[in-house]
Amino acid sequence: MKQFAGLLTILATVILFTSCDSAGGFMSASGANNEILVIMDDHSWQGEAGRALFEVLNSNVKGLPQPEPNFRIIQITPENFSSTIKMARNIIIPDISPMYSQPKFAADIDKYARGQVIMNINASDSTAFANYVTENSATILDYFITKELERNGKWLMSEIKSPSARAQQMFGINIHIPKGIVNFEEFTNFLWGTNNAGRGRQDLVIYQFPYDSERVFEKESLLSVRNQYLGKYITGSFNSNMTTSTEYTPDYRTMEVNGIFRAELRGLWEMTNDMMGGPFVMQAFVNENTGMVVVVEAYVYAPEMNKRNLMRNLEASFYTISMPEPEDVFVGSK
């Protein structure tokens, strides 16, 4: 509860300077990225149900070299859930009551503000709630993380009005690249952008190769492709090149984003013969207009810094990817 007064001040300030959406009459949701408000009374929050929910939201981000929580968590009581607080971007509202025969959750989108996500989690008692939240931890986390990335992708497209012209020309895709990525190198079928920062370096890589079968989207195949392409073009001192670290088994999944099937790897990179390393995430998909597999990868080098936000800010660009009409773009490589 010590955080409540400060939170109220921050939200009030943000709302004061947020303009209405002329289309829907809503103001934009407020609050920091990767922050979730839990609306729960103090007794439940300190008990079995609250502890279970806290453990899920406070769990470590996948694929980082050091522990960082998935979300910053702020708990406020229902009586303090005022009209100002209702403008927050991510909200969880537990409801524990005997009226529920089975636990369940449901989401409300844009209920009080544009770009807002509210998840209602219902259960008959604290034990049922704790068990349900724990059993569905991956679903809860993936839902909020994806919504954050989608929201940040929309913001990126509003900030960067036009997709990267070079990415269109080389790979036949639309992608909005963050403003800080301003230094680029090009090779055959390979585009490498970086902010070249001395602290908190962020890099984005795009490359492509011909599609031959769906086996290319299997985990081991993607690892082999990654090591081949990045090992060839991302080099450093002492005859070093980039490879995938074996200290952390990369996390693999498939999904559909904006109607495009994608395979994703998330793990750690390192430089051979050097001490450099950090987290990466890559997504691969087929550009049906060209018959090529396109891989987009983000990675960070930020020793002694937290990396969750750096990675998610880059990863948001994945959620701006679309395919232009074939006649709208010339595809070629340098």
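The values are calculated or read from the model by the stated rules, or taken from the named source; none is laboratory data. Predicted model only: the values in this text are computed from it and were never measured. Every residue, glycine as well, gets a Cβ built from its backbone with ideal geometry; the counts of neighbours run over all protein chains shown.
What to note about this one:
- Some residue of the range 191-206 being within 30 Å of T290 (Cβ to Cβ) and among the aromatic types (F, W, Y): yes
- Candidates G236, G267, G259, G277 - the one that is in contact (Cβ under 8 Å) with a residue 60 or more places away in the chain and more than 17 Å from the chain's Cα centre (by Cα): G277
- Single residue of the range 84-106 satisfying the filter (hydrophobic (A, V, I, L, M, F, W, C) and loosely packed, with under 14 Cβ neighbours inside 10 Å) that is farthest from I36 (Cα to Cα): M99
- Flag for Q202 being in contact (Cβ under 8 Å) with a residue 24 or more places away in the chain, farther than 21 Å from M255 by Cβ and assigned to a helix (DSSP H, G or I): no
- Qualifying residue in the range 132-153 (condition: in a loop (DSSP other than H, G, I, E, B) and either within 25 Å of N33 (Cα to Cα) or at pLDDT 95 or above (or both)): yes
- Taking the range 53-101 as the range and being aromatic (F, W, Y) and closer than 30 Å to T246 by Cβ as the test, only F71 passes.
- Qualifying positions in the range 65-84 - assigned to a loop (DSSP other than H, G, I, E, B) and in contact with a Phe, Trp or Tyr (Cβ under 9 Å, 6 or more places away or on another chain): P65, N70, F71, T77, S83
- Hits in the range 140-161 - residues which are of a type in the set (S, T, Y) and touching a residue at least 12 places away in the same chain (Cβ under 8 Å): Y143
- Unique match (being modelled with pLDDT of 95 or more, surrounded by 20 or more Cβ atoms within 10 Å (Cβ to Cβ) and within 18 Å of D125 (Cβ to Cβ)) among L53, L57: L53
- Output for the range 165-211, where each listed residue is of a type in the set (K, R) and over 19 Å from the mean Cα position of the chain (by Cα): R166, R199
- Within the range 236-257, restricting attention to residues that are out of contact with any helix residue (DSSP H, G or I) (no Cβ under 8 Å at 6 or more places or on another chain) and modelled with pLDDT of 90 or more, the residue that is farthest from K62 (Cα to Cα) is S240.
- Qualifying positions in the range 262-277 - loosely packed, with under 14 Cβ neighbours inside 10 Å and touching a Ser or Thr at 6+ places or on another chain (Cβ under 7 Å): N273
- A residue that is at pLDDT 95 or above, touching a Gly at 6+ places or on another chain (Cβ under 7 Å), aromatic (F, W, Y) and under 19 Å from T320 (Cβ atoms) occurs nowhere in the range 169-180.
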